[in-house]
Ligand SMILES: Cc1cc2nc3c(=O)[nH]c(=O)nc-3n(C[C@H](O)[C@H](O)[C@H](O)COP(=O)(O)OP(=O)(O)OC[C@H]3O[C@@H](n4cnc5c(N)ncnc54)[C@H](O)[C@@H]3O)c2cc1C
């Protein structure tokens, strides 16, 4: 019989983690319980974070926003600060799994799972998210890009938990985009995904750009040459098509059950063409 601990206070959690060093933490269980059922992991006991109030919530701290690691995807979708300040992240959550998965799954679980297909991750990368990690003895804050080490690998030490995520508000960035391509429209893991954060001038010239791709490498990928080559350009079909070629050459996808590497490569470039939609002249043409 496997024991399941349900601490309500953080002090209880530290005690359990000290007493049961082999225990496995879970929040919504939508990743961990699937892995246990398929025999990929077999922990001797489990500790559930769900009842610890201090690990949940969205806190507006002025220039920054703090998201508790155990906030569920549904909690975040309902949150006005997330919707207003980080619409690209909200879009990623909106297309993650299905309503039951979004009710149970948490942003912290999505990060620690560190899947290249994680739907919150490309937006968190372009937002330059930082994570806060706690143990009984200390806290530390580090960039998400340094926290995620590879597929399923994060920089968590024994007896540490992911406490939350820090996001800087991005008032000057006026395009927040996320799109994923899956085998179906709903309840589909991404074959390729792309998040974009852009600052466009009134005439539609790119002033600042940060882009990131999911499912086309071992972790989320971004390419400074692609970001830089977009700066100073209008979002035209010519510019985006030429950059799409650079993206296709830069990604490092694999073949798997969901798609071939070649298909992923093509889709990752095509996702960039979607940015055309934000071009003022393209929109005018569509409206007329
Ligand atoms: C049917 C189905 C569809 C899905 N569809 C998608 C999808 O479209 N897109 C997508 O991105 N994901 C999808 N997922 C995966 C999953 O739902 C998400 O990754 C979810 O965010 C995981 O959160 P969780 O709280 O359930 O994680 P859990 O299963 O509770 O935990 C996952 C891992 O994170 C660790 N962990 C969790 N919280 C913490 C913490 N605070 N500190 C330290 N470690 C922690 C656990 O130890 C475990 O290793 C799907 C899953 C299922 C079953």
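The values are calculated or read from the model by the stated rules, or taken from the named source; none is laboratory data. It should be emphasised that the depicted structure is a prediction, and the values quoted were computed from it without experimental measurement. Backbone-built Cβ (ideal geometry, glycine too); neighbour counts: all protein chains shown.
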Condition check for residue 112: touching a residue at least 12 places away in the same chain (Cβ under 8 Å), in a strand (DSSP E or B) and outside the structural domain of residue 228 (by TED's automatic domain parsing): no
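Looking for something within 15 Å of the chain's Cα centre (by Cα), more than 11 Å from the ligand (Cβ to nearest atom), closer than 26 Å to residue 84 by Cα and crowded, with 19+ Cβ neighbours inside 10 Å - is there at least one such residue anywhere in segment 155-163? Outline the logic, then answer.
Looking only at segment 155-163, we keep the residues that are within 15 Å of the chain's Cα centre (by Cα), and these are 162.
So of that shortlist, the ones also more than 11 Å from the ligand (Cβ to nearest atom) come out as none.
No, the conditions are met nowhere in segment 155-163.
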Hits in segment 245-278 (condition: touching a strand residue (DSSP E or B) at 6+ places or on another chain (Cβ under 7 Å) and modelled with pLDDT under 90): 258, 259
Segments classed as helices (runs of 4 or more DSSP H), wholly inside segment 15-100, with at least 3 members that are over 24 Å from residue 167 (Cα atoms): 32-37
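Would you point out the residue of segment 79-102, among those that are closer than 20 Å to residue 66 by Cα and in contact (Cβ under 8 Å) with a residue 40 or more places away in the chain, that is nearest to the ligand (Cβ to nearest atom)?
Step one: filter segment 79-102 for residues closer than 20 Å to residue 66 by Cα, giving 79-94, 102.
Keeping just the survivors that are in contact (Cβ under 8 Å) with a residue 40 or more places away in the chain gives 85-89, 91-92.
Details: 85: 20, 86: 16, 87: 18, 88: 14, 89: 12, 91: 12, 92: 8 Å.
Out of the qualifying residues, it is 92.
Is it the case that segment 237-247 has a residue that's in contact with a helix residue (DSSP H, G or I) (Cβ under 9 Å, 6 or more places away or on another chain) and assigned to a loop (DSSP other than H, G, I, E, B)?
Initial filter on segment 237-247 (in contact with a helix residue (DSSP H, G or I) (Cβ under 9 Å, 6 or more places away or on another chain)): 237, 239-247.
Next, from what is left, pick out any that are assigned to a loop (DSSP other than H, G, I, E, B): none.
Among the residues of segment 237-247, not one is in contact with a helix residue (DSSP H, G or I) (Cβ under 9 Å, 6 or more places away or on another chain) and assigned to a loop (DSSP other than H, G, I, E, B), which makes the answer no.
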So residue 65, is it near the ligand (Cβ under 9 Å from one of its atoms), surrounded by 14 or more Cβ atoms within 10 Å (Cβ to Cβ) and either in contact (Cβ under 8 Å) with a residue 60 or more places away in the chain or under 17 Å from the mean Cα position of the chain (by Cα) (or both): no
Which numbered condition residue 207 misses (of (1) touching a helix residue (DSSP H, G or I) at 6+ places or on another chain (Cβ under 7 Å); (2) more than 20 Å from residue 94 (Cα to Cα); (3) part of a strand (DSSP E or B)): (1)
Any hit, segment 124-138, residues being modelled with pLDDT of 95 or more, closer than 27 Å to residue 235 by Cβ, out of contact with any helix residue (DSSP H, G or I) (no Cβ under 6 Å at 6 or more places or on another chain) and surrounded by fewer than 23 Cβ atoms within 10 Å (Cβ to Cβ): yes
Failed criterion for residue 228 (all others in (1) part of a helix (DSSP H, G or I); (2) free of Cβ contacts under 8 Å to residues at least 60 places away in the same chain; (3) surrounded by 12 or more Cβ atoms within 10 Å (Cβ to Cβ) hold): (3)
Tally, over segment 105-117, of residues that are closer than 16 Å to residue 26 by Cβ and more than 6 Å from the ligand (Cβ to nearest atom): 4
Residue list for segment 18-32, restricted to those being free of Cβ contacts under 8 Å to residues at least 24 places away in the same chain and either near the ligand (Cβ under 6 Å from one of its atoms) or not assigned by TED's automatic domain parsing to the domain that holds residue 57 (or both): 24
